[in-house]
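> This is the structure, below, for whatever I ask next.
Taken together, the values in this text are just the output of simple stated rules run on the coordinates, not laboratory data. If you're wondering where the values come from, they're calculated on a predicted model, not measured in any experiment. Neighbour counts are summed over all protein chains in view; Cβ atoms, including those assigned to glycine, are modelled from backbone coordinates with ideal geometry.
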Amino acid sequence: DAKTTQPPSMDCAEGRAANLPCNHSTISGNEYVYWYRQIHSQGPQYIIHGLKNNETNEMASLIITEDRKSSTLILPHATLRDTAVYYCIVSSEETSGSRLTFGEGTQLTVNP
Amino acid sequence: GAVVSQHPSWVICKSGTSVKIECRSLDFQATTMFWYRQFPKQSLMLMATSNEGSKATYEQGVEKDKFLINHASLTLSTLTVTSAHPEDSSFYICSAVGQGGPNYGYTFGSGTRLTVV
């Protein structure tokens, strides 16, 4: 699986958009970009995933560059409950049972 | 959405005893389950992958005789930490993927905090 690089920490003001970057320059053609987050002492929570098109759901938007070497997770209106470690992961196929390998992630702190 | 139930959420055991952690997929058939371990302030580290009805595949450096994984049904996998020692104290998390599950594939349990005293 391709390796990802994320900033170790970011801060965001409550109510503002949080933009979390991720580099995955070695991603291969069949690998998806997944975003999960982990609130302290809980299991990871799925946020969004995509292959090459931008995606949006009720939680967030995922912007993937045309060359697919990087992506940005956007939380449009961050709240205090969005404070968590956000993991960007690339993995082949959606439901093949390929493992998810977690990097260090980005600690997002949403401030009042 | 898909739910993976992990039990217990926390456990304290004496050194030398064994502890079993259960992971159940409640509304889908988990053909593959993954077990992770997470130490404080660190990321999740994959320990093993188990497919229903088959022996688990362990990651390098993970002792298969110490961390026994059973995945005998499509809805249940168990991780048994045998002869636990204080260095086994950690946060253990399971993940499941399979038929009837969400399209994103991977659903995680809520984790088990193991403390060995």
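> What residue, among those in the range B:91-103 that are more than 15 Å from B:T75 (Cα to Cα) and surrounded by 21 or more Cβ atoms within 10 Å (Cβ to Cβ), is nearest to the other protein chains (Cβ to nearest Cβ)?
Ranking the qualifying residues of the range B:91-103, first place goes to B:I93.
> Continuing with this model, one more query. State which residue is surrounded by the most Cβ atoms within 10 Å (Cβ to Cβ) when the search covers only the range B:78-90 and only residues that are assigned to a strand (DSSP E or B) and away from every other protein chain (no Cβ under 13 Å).
Per the stated criteria, the residue is B:L79.
> While we're looking at this one, here's another question. Go through the range B:36-68 and report how many residues are small (G, A, S) and over 12 Å from the mean Cα position of the chain (by Cα).
Looking only at that region, the number is 4.
> Also, I was wondering about something else. Which count do you get for residues in the range A:19-55 that are part of a loop (DSSP other than H, G, I, E, B) and either out of contact with any Cys (no Cβ under 8 Å at 6 or more places or on another chain) or under 17 Å from A:V85 (Cβ atoms) (or both)?
16
> Could you tell me which of the residues A:E66, A:E58, A:E104 is part of a loop (DSSP other than H, G, I, E, B), surrounded by fewer than 20 Cβ atoms within 10 Å (Cβ to Cβ) and in contact with a Pro (Cβ under 8 Å, 6 or more places away or on another chain)?
A:E104
> Can you confirm whether A:E66 is within 12 Å of chain B (Cβ to nearest Cβ) and more than 10 Å from the chain's Cα centre (by Cα)?
Spelling it out, it is not the case that A:E66 is within 12 Å of chain B (Cβ to nearest Cβ) and more than 10 Å from the chain's Cα centre (by Cα).
> Can I ask one more? Suppose we keep only residues that are among the polar types (S, T, N, Q) and under 10 Å from the mean Cα position of the chain (by Cα) within the range B:71-100. Which one would you say is farthest from B:P40 (Cα to Cα)?
Within the range B:71-100, the match that is farthest from B:P40 (Cα to Cα) is B:S77.
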